[in-house]
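**Q** Please see the structure below; I have some questions.
The values are calculated or read from the model by the stated rules, or taken from the named source; none is laboratory data. These numbers come from a predicted model, not from an experiment. Because the Cβ atoms are built from the backbone with ideal geometry, glycine has one as well, and the counts that use them run over all protein chains shown. Keep in mind that these areas ignore ligands, DNA and RNA; they rest on the heavy atoms of the full protein, side chains included. Shrake-Rupley method; radii C 1.70, N 1.55, O 1.52, S 1.80 Å.
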Amino acid sequence: MSVFRLLASRILFSALTLLLVSILIFLILEALPGDVATRILGRDATAKALEVLRSQLHLDQPALVRYFQWLGDFVRGDLGVSIATGRPIGDVLGPRIVNTLLLSLFAFAIYLVLALVPAIIQATNRGKAVDNILSVITLVLLSLPDFLLATMLLFLFAVAVPILPALATISEASTWLETLRAMVLPAVTLAIMMAVYAIRVLRDSLIEVLRSDYVRLAELKGLRPRAVLFRHALPNAIVPALNVTALNLGFLIGGVVIVERVFSYPGFGTLLIDALQLRDIPLIKATVMISAAVYVAANLVADVLAVLLQPRLRTSR
Amino acid sequence: MTMITSNPARQLFRFNAGYWRATPGPFKVGAIILAAHALFAVIGTFWTPYGFAEMGAGLPLSGASWQHPMGLDQIGRDVFSRFMHGAHIVLLLAFAGTMLGMVAGTTLGLISGYVGGWFDEITQRIVEAMISIPFLALALVMIIAAGPTLAGEPVLIVFVVGLVYAPRITRIARAAAMEIATREYVAVAELRGEGTWSIVFREILPNAANVLLVEFSLRLSYAPILIGALGFLGFGIRPPTPEWGLMISENRNLLIASPVTVFGPGLGLASLVIGFNLFTDGLSRMLGQRPVMGA
């Protein structure tokens, strides 16, 4: 029962957070100088035309009314019309989100391997040369800005040793294999950027778990080391890393902007940058709101998973 | 002999040397890297081999040579001179932005953690909302909202870094304040009749210093990356100011013709962040804090 209440309150707080995000975004963009109607119609537009457009966009109404209108439309799934292209934002966003989702899933799969394998190697060889070398590599990668890492990988695998395409410009005409090949470099960049954060946490928590009594007991009752590691130690060591993974999802949304930009991948991130460059306010609002919603949802899922995976947390409240 | 050992200057020096030897390895390496960067930045402020905006310093795209260790860009500007001149810009922006975030975040966080109640509740909800917006998106939206007159100005970048950092620092400061608020000396101060401000800044702040120092160092490590990313995306400092992220972005289409123009500044930026990270790692170990990862 208490689990239920805990989950309900978490969900409620997430909704409240998103409501505040919407107010924040609205307020920040309200400060944007310049008249939207003039921007759409150009400087030569007649006063009459400007007025008509303003009333069409509800710009003649007070900010409070416009906020609730926008919020109401947004919640009902009507994201409005992009100023730059004149197309409904839902139509513009849809394919971009699918592309980014594909890229993120690919990156996430690589991330799991890139985070788990070094952490396991380090924890089981603690203090040895392998551990130290991997620590140094992790630290160096942690210090590399994402745009630099992306550029380096691009240089290595598309210019110096041209085995992968430099531009990830996929379209509906591309075959599955082409799409996959195009996604390798951006996905690997994202995966490395996320993994370096998780490796350290995983390593430390795995070392802690490996020293615990139940792992010793499992060893003493004669289980094979592999069984001890994968059945007893790893599941318990993963819980602290869950939080990092949720944080990483937040990073992924930001990182996607840079990485997609470097490889010209037609995803959500490039759309956000385009919207910002064109001062396309409805599109900016929609993209930022969605990215915040993804972050909040990821944290919610991580919280719930942490509760479900760790009995101690279940009874704490 | 006794004269020499009792010489105050000498004692101070020996004290420092002993202190230095006792610091953890990462701290030493980090401090040396950072000192080298600081020295480089100071020299670069006053002297560079060529002017940072001087076109025709040599043959464009002629690659690395002794005269031009980082090569020349498309319009014949010496990349090393630009890199050198940019060093103090990157350091100053990172430091000022982080400092602003620290002052705002610490003040808000400590008060919110100590006072509690509805003030804390409201602050936390706003902080939560600001953290939910991916920091790069938040920074970019704020830059757009500032409008064209402020675009590309250093003040705007400092302000944006500060605003992106403040909610994250608020969270850390609040947690520290809540823990410290339960200690006896705070209760004693309350009984003495000290005011809220006095308790927050005289009793809690000095005792939260370790946590905040590590947090400052951690945020400072990430600031050059954030500023570089803004420059890289074309929303940072206005050209021709040689901010490193902007330089990497400018020279990126020369990647095939002259890769050194990208990797020179890239190496500089990476080494700076490595220095900061090692320094933070060592500092947190020295102060008995666990380094907190994640942006």
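**Q** Which one of these is surrounded by 13 or more Cβ atoms within 10 Å (Cβ to Cβ) and modelled with pLDDT of 85 or more: B:Ala53, B:Ala36, B:Ala57? Even if it seems obvious, please write down each step before you answer.
**A** Values: B:Ala53 fails: modelled with pLDDT of 85 or more; B:Ala57 fails: modelled with pLDDT of 85 or more.
Going through B:Ala53, B:Ala36, B:Ala57 in turn, just one is surrounded by 13 or more Cβ atoms within 10 Å (Cβ to Cβ) and modelled with pLDDT of 85 or more: B:Ala36.
**Q** Has segment B:104-112 got any residue that is closer than 26 Å to B:Ser221 by Cβ, more than 14 Å from chain A (Cβ to nearest Cβ) and in contact with an Asp or Glu (Cβ under 7 Å, 6 or more places away or on another chain)? Lay out the reasoning, then the answer.
**A** First pass over segment B:104-112, keeping only residues closer than 26 Å to B:Ser221 by Cβ: B:104-110, B:112.
Keeping just the survivors that are more than 14 Å from chain A (Cβ to nearest Cβ) gives B:104-110, B:112.
Pick out the ones that are also in contact with an Asp or Glu (Cβ under 7 Å, 6 or more places away or on another chain) and you get B:112.
Yes, segment B:104-112 contains a residue that is closer than 26 Å to B:Ser221 by Cβ, more than 14 Å from chain A (Cβ to nearest Cβ) and in contact with an Asp or Glu (Cβ under 7 Å, 6 or more places away or on another chain).
**Q** Within segment A:105-116, can you find the residues that are more than 17 Å from A:Tyr197 (Cα to Cα) and in contact (Cβ under 8 Å) with a residue 40 or more places away in the chain? Before you say what the answer is, go through the steps one by one.
**A** As a first pass, look at segment A:105-116 and keep what is more than 17 Å from A:Tyr197 (Cα to Cα): A:105-106.
Matches in segment A:105-116: A:Phe106 only.
**Q** Return a yes/no flag: does segment A:30-45 have any residue that is in a helix (DSSP H, G or I), polar (S, T, N, Q) and either modelled with pLDDT of 70 or more or more than 16 Å from A:Ile284 (Cα to Cα) (or both).
**A** To start, the set of residues in segment A:30-45 that are in a helix (DSSP H, G or I) comprises A:30, A:36-41.
From what is left, the residues that are polar (S, T, N, Q) are A:38.
Checking which are either modelled with pLDDT of 70 or more or more than 16 Å from A:Ile284 (Cα to Cα) (or both) leaves us with A:38.
Taking every residue of segment A:30-45 in turn, at least one turns out to be in a helix (DSSP H, G or I), polar (S, T, N, Q) and either modelled with pLDDT of 70 or more or more than 16 Å from A:Ile284 (Cα to Cα) (or both).
**Q** Here are A:Ala293, A:Ala302: which of them is farther than 29 Å from A:Arg87 by Cβ and not polar (S, T, N, Q)?
**A** Values: A:Ala293 fails: farther than 29 Å from A:Arg87 by Cβ.
Among A:Ala293, A:Ala302, only A:Ala302 is farther than 29 Å from A:Arg87 by Cβ and not polar (S, T, N, Q).
**Q** Looking at B:Phe279, B:Phe216, B:Phe263, B:Phe235, can you tell me which residue is of a type outside the set (D, E, K, R), free of Cβ contacts under 8 Å to residues at least 24 places away in the same chain and out of contact with any Pro (no Cβ under 7 Å at 6 or more places or on another chain)?
**A** Details: B:Phe279 fails: free of Cβ contacts under 8 Å to residues at least 24 places away in the same chain; B:Phe216 fails: free of Cβ contacts under 8 Å to residues at least 24 places away in the same chain; B:Phe235 fails: free of Cβ contacts under 8 Å to residues at least 24 places away in the same chain.
Selected residue: B:Phe263, the only one of B:Phe279, B:Phe216, B:Phe263, B:Phe235 that is of a type outside the set (D, E, K, R), free of Cβ contacts under 8 Å to residues at least 24 places away in the same chain and out of contact with any Pro (no Cβ under 7 Å at 6 or more places or on another chain).
**Q** What residue, of A:Ile110, A:Ile163, A:Ile133, is away from chain B (no Cβ under 14 Å) and either in contact with a Gly (Cβ under 8 Å, 6 or more places away or on another chain) or surrounded by 17 or more Cβ atoms within 10 Å (Cβ to Cβ) (or both)? First the steps, then the outcome.
**A** Numbers: A:Ile163 fails: either in contact with a Gly (Cβ under 8 Å, 6 or more places away or on another chain) or surrounded by 17 or more Cβ atoms within 10 Å (Cβ to Cβ) (or both); A:Ile133 fails: either in contact with a Gly (Cβ under 8 Å, 6 or more places away or on another chain) or surrounded by 17 or more Cβ atoms within 10 Å (Cβ to Cβ) (or both).
Answer to the check: A:Ile110.
**Q** Among the residues of segment A:117-136, is there at least one that is outside any helix (DSSP H, G or I) and in contact (Cβ under 8 Å) with a residue 40 or more places away in the chain?
**A** Filtering segment A:117-136 down to residues outside any helix (DSSP H, G or I) leaves A:125-128.
This time we only want the ones that are in contact (Cβ under 8 Å) with a residue 40 or more places away in the chain, so: A:126.
Scanning segment A:117-136, I find at least one residue that is outside any helix (DSSP H, G or I) and in contact (Cβ under 8 Å) with a residue 40 or more places away in the chain, so the answer is yes.
**Q** Tell me whether segment B:162-175 contains one or more residues that are away from chain A (no Cβ under 14 Å), touching a helix residue (DSSP H, G or I) at 6+ places or on another chain (Cβ under 6 Å) and more than 21 Å from B:Ala94 (Cβ to Cβ).
**A** yes
**Q** Exactly one condition in (1) open to solvent by 10 Å² or more (accessible area, probe 1.4 Å); (2) at negative phi; (3) more than 26 Å from the chain's Cα centre (by Cα) is false for B:Glu153; which is it?
**A** Going through the list (1) open to solvent by 10 Å² or more (accessible area, probe 1.4 Å); (2) at negative phi; (3) more than 26 Å from the chain's Cα centre (by Cα), B:Glu153 breaks only (3).
**Q** Could you check segment B:233-270 and list, in sequence order, the residues that are more than 8 Å from chain A (Cβ to nearest Cβ) and under 17 Å from the mean Cα position of the chain (by Cα)?
**A** Applying the first criterion (more than 8 Å from chain A (Cβ to nearest Cβ)) to segment B:233-270 yields B:236-244, B:246-247, B:250-251, B:253-254, B:257-258, B:260-261, B:264-265, B:267-268.
Residues satisfying the conditions are B:Gly236, B:Ile237, B:Glu243, B:Trp244, B:Gly268.
**Q** When the residues of segment A:140-150 are filtered to those that are in contact with a helix residue (DSSP H, G or I) (Cβ under 6 Å, 6 or more places away or on another chain) and not small (Gly, Ala, Ser), which remaining residue is nearest to B:Phe279 (Cα to Cα)?
**A** Looking only at segment A:140-150, we keep the residues that are in contact with a helix residue (DSSP H, G or I) (Cβ under 6 Å, 6 or more places away or on another chain), and these are A:141-150.
Adding the requirement that they be not small (Gly, Ala, Ser) leaves A:141-142, A:144-149.
On the way: A:Leu141: 16, A:Leu142: 14, A:Leu144: 16, A:Pro145: 18, A:Asp146: 21, A:Phe147: 23, A:Leu148: 22, A:Leu149: 22 Å.
In this case the residue turns out to be A:Leu142.
**Q** Hey, can you tell me all the residues within segment A:282-312 that are under 16 Å from B:Ala145 (Cβ atoms) and open to solvent by 20 Å² or more (accessible area, probe 1.4 Å)?
**A** The answer is A:Pro282, A:Lys285.
**Q** Now a separate question. Inside segment A:263-276, can you point out the residues that are more than 8 Å from chain B (Cβ to nearest Cβ) and either in a helix (DSSP H, G or I) or surrounded by 23 or more Cβ atoms within 10 Å (Cβ to Cβ) (or both)?
**A** Taking segment A:263-276 first, the residues more than 8 Å from chain B (Cβ to nearest Cβ) are A:263-271, A:274-275.
Within segment A:263-276, A:Phe263, A:Tyr265, A:Gly267, A:Phe268, A:Gly269, A:Thr270, A:Leu271, A:Asp274, A:Ala275 meet the criteria.
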